[in-house]
Amino acid sequence: RWYHDLSAPDGEGGTKIYAVSGRVKHPGAWELPMGTPLRELIMDHAGGMEDGYAFRAAIPGGASTEFLLSEHLDVKMDFESVPGAGSRMGTGCVIVMDDRVCPVGLLYSLMSFFARESCGWCTPCREGTKRMLEILTRICNGKGREGDIQLLEETAPYVKDTALCGLGQTAPNPLLTTIRYFREEYEAHIHQHKCHAGTCT
């Protein structure tokens, strides 16, 4: 009972190791009450954003979880509240995306990791992550084609639904949320050959 009472009010009980990385003043890991709000993690324990940078979005539970926006900052970081905001608690390792990061370029980096880490056992993950990476590479290199966004939107659910393990089943999650939240940046890369952040080649 004493351990359960260590959680935040109305929390799920106990404590949790949370971590924050990205353009924050004090990246690190802390043992805190389960249910600590995302805003408190980033702004208090991690010291807020570095000078000259603004918060744009965050992955709350590791690389394969869905992005949350500033409107979600007050969500309690527990296994019930985070899904209610459209993501997953996962590991509780928060990756902060600042306003100078290109979400398309970030997804290229994440998908490079997933494609490399795929064990190759099942076709959906082995070929699906590779195919999504090829499309993202093309978009980031200024060679995106009409229909590439739709192709990503069609490929990602197929990989999620048919892959045999957690890597393939969750790898498309951050991709789908960046398309949902930052679609205009994908379109700018494809139609205007322009990266708003100026980081893609």
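The calculated P(r) of segment 1-71, using every Cα pair and 5 Å bins from 0, goes 4, 16, 23, 23, 19, 9, 4, 1, 0 in percent. Ligands, DNA and RNA left out, the accessible area of segment 88-194 computed with a 1.4 Å probe is 53% carbon and sulfur. Residues whose amide H comes within less than 5 Å of that of Val24, counting only those at least five positions distant or on another chain, are Glu50 (H built at 1.01 Å from N in the peptide plane). Other residues within the sphere of radius under 14 Å centred on the Cβ of Met132, judged by their own Cβ, net out at 0 (K and R +1, D and E -1). In this structure, the amide hydrogen of Val94, modeled 1.01 Å from its nitrogen in the peptide plane, lies closer than 5 angstrom to those of Ala19, Val20, Ser21, counting only residues at least 5 positions away or on a different chain. With both residues required to sit in the chain, DSSP beta bridges show an antiparallel share near 80%. What you get for the chain, charging only the Cβ of Lys and Arg (+1) and of Asp and Glu (-1), is a dipole of about 640 debye around the Cα centre. Note on Lys76: lysines with a C-alpha under 18 Å away, same-chain residues under 8 apart excluded, are Lys16. The simple spin-label model puts a point 7 Å past each Cα toward its Cβ; for Arg180 and Tyr3 those points are separated by 3.4 nm. In this label model, Glu153 and Arg39 are separated by 3.2 nm, measuring between points 7 Å along each Cα→Cβ vector. When both segment 38-69 and segment 78-105 are represented by their alpha-carbon centers, they are found 8 Å apart.
Any aspartates and glutamates with Cα under 16 Å of the Lys160 Cα? List them, leaving off those in the same chain fewer than 8 positions away. Lys160 reaches Glu66, Glu117, Glu127. Would you work out if segment 45-201 is rounded, prolate or oblate? Take a ≥ b ≥ c from the square roots of the eigenvalues of the alpha-carbon gyration tensor; rounded if a/c is under 1.5, else prolate when a/b is larger than b/c, oblate otherwise. Oblate, because a/c is 1.5 or more while a/b does not exceed b/c. Probing with 1.4 Å while keeping every protein chain in the model, the per residue accessible area of the chain equals 48 Å².
Helix 123-140 and the longest principal axis of the Cα set of the chain meet at an angle near 80°.
Other residues lying with their Cβ under 12 Å from the Cβ of Tyr158 contribute a combined charge of -2, Lys and Arg counting +1, Asp and Glu -1. Working from label points 7 Å from Cα in the Cα-to-Cβ sense, the Ala29 to Ala197 distance is 2.5 nm. Can you tell me which lysines have their Cα less than 29 Å from the Cα of Lys194? Leave out same-chain residues fewer than eight positions away. Partners found: Lys130, Lys143. In sequence order, segment 172-184 has phi-based couplings of x, 4, x, 4, 4, 6, 5, 5, 5, 8, 10, 4, 4 Hz under the Karplus curve 6.51 cos²θ - 1.76 cosθ + 1.60, θ = phi - 60°, and Gly or Pro positions carry x.
The values are calculated or read from the model by the stated rules, or taken from the named source; none is laboratory data. All figures in this text were calculated on a predicted structure; none of them were measured in a lab. Reconstructed Cβ throughout: ideal geometry from the backbone, glycine too, with neighbour counts over all protein chains shown. The area values use the complete protein model at the heavy-atom level, side chains included, leaving out ligands, DNA and RNA. Shrake-Rupley method; radii C 1.70, N 1.55, O 1.52, S 1.80 Å.
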